[in-house]
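Below you'll find the structure, written out as structure tokens, and then a few comments.
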Amino acid sequence: MKRSWICAAGLFLITLAVFGTAWCYSYINIDDPYYYVLPKAITNGLTLDGIKWAFTDLSNAIWMPLTWIVYQVDYTLRNAILTVCPSCDGFQLAYSIAHIQSILLHGLNACLLFVFLRLIDAQRRLAVPLLAAAIWVVHPLRVESVVWIASLKDVLSMTFLLLVRVQWVRFRENDSRPH
């Protein structure tokens, strides 16, 4: 059990080492303005009207209320920091918060992937799930989801997918009914 925690911590540290510099990136001028910079319901922070908007908005042709709410929380945190430190660059602060959260979620996803792969391995080996999760962490296809603010929906959906998969495997292991 202790070795599993060490492996998970190692995966998290690999994530921080690979993506750690992304916290100071700006936004990508493709979708980020439409998702993160321009909508007033986002930049006003977390409000009741903003939550209502998150569940009803389809302006970007996609329904993603949780992502909208997380963006609103980012701006709420940004606005709180700006009240304490008004000389900070508010725009860069918002981008940094969004990037840090994506990096942390990607690190969590790496740990969850390791746990899931370990659970589905009958021998509960460490090396194979650890190697697979490590490759997944640094794979070039993951870069876009982690450093592009508009791709937070991908990182969030992976978090929930892996949480559900881990719980499903645990349920199957504890289920006494015949399969």
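Quick notes
- Condition check for Ala17: open to solvent by less than 100 Å² (accessible area, probe 1.4 Å), modelled with pLDDT of 90 or more and more than 14 Å from Val115 (Cβ to Cβ): yes
- Residue pairs meeting the criteria (Cβ under 8 Å; at least 6 apart or on separate chains; first more than 16 Å from Trp168 (Cβ to Cβ), in region 109-137; second of a type in the set (Lys, Arg) and surrounded by fewer than 18 Cβ atoms within 10 Å (Cβ to Cβ)): Leu126/Arg3
- Region 160-175, subset more than 14 Å from Asp121 (Cα to Cα) and not aromatic (Phe, Trp, Tyr), residue surrounded by the most Cβ atoms within 10 Å (Cβ to Cβ): Leu162
- Residue check: Gly45 meets all listed conditions (1) open to solvent by less than 60 Å² (accessible area, probe 1.4 Å); (2) at pLDDT 90 or above; (3) assigned to a helix (DSSP H, G or I) but one, namely (3).
- All conditions in (1) open to solvent by 80 Å² or more (accessible area, probe 1.4 Å); (2) free of Cβ contacts under 8 Å to residues at least 24 places away in the same chain hold for Trp53, with the sole exception of (1).
- Among the residues making up region 81-102, those that are surrounded by fewer than 22 Cβ atoms within 10 Å (Cβ to Cβ) and assigned to a helix (DSSP H, G or I) are Ile81, Leu82, Thr83, Val84, Gly90, Phe91, Gln92, Leu93, Ser96, Ile97, Ile100, Gln101.
- Test for Trp53: is it in contact with a helix residue (DSSP H, G or I) (Cβ under 8 Å, 6 or more places away or on another chain), assigned to a helix (DSSP H, G or I) and within 20 Å of Val155 (Cβ to Cβ): no
- Residue count for region 57-72, restricted to those that are open to solvent by 40 Å² or more (accessible area, probe 1.4 Å) and either at pLDDT below 85 or in contact with a helix residue (DSSP H, G or I) (Cβ under 9 Å, 6 or more places away or on another chain) (or both): 6
- Of all the listed residues (Arg78, Arg3), the sole one being surrounded by fewer than 14 Cβ atoms within 10 Å (Cβ to Cβ), part of a helix (DSSP H, G or I) and in contact (Cβ under 8 Å) with a residue 12 or more places away in the chain is Arg3.
- Per-region count, region 14-33, residues farther than 17 Å from Ile97 by Cα, in contact (Cβ under 8 Å) with a residue 40 or more places away in the chain and not acidic (Asp, Glu): 3
- Pair list, Cβ under 6 Å, 6 or more apart: region 142-167 residue closer than 25 Å to Val37 by Cβ, other residue charged (D, E, K, R) and open to solvent by less than 10 Å² (accessible area, probe 1.4 Å): Ile149/Asp32; Ala150/Asp32
- Answer residue from region 132-149, given it is part of a helix (DSSP H, G or I) and in contact with a Ser or Thr (Cβ under 9 Å, 6 or more places away or on another chain) and is most open to solvent (accessible area, probe 1.4 Å) among those: Glu144
The values are calculated or read from the model by the stated rules, or taken from the named source; none is laboratory data. Predicted, not measured: the structure shown is a model, and the values here were computed from it. Here Cβ is always computed from backbone atoms with ideal geometry, including for glycine, and neighbour counts include all displayed protein chains. These accessible areas exclude ligands, DNA and RNA; they are computed on the full protein's heavy atoms, side chains included. Shrake-Rupley method; radii C 1.70, N 1.55, O 1.52, S 1.80 Å.
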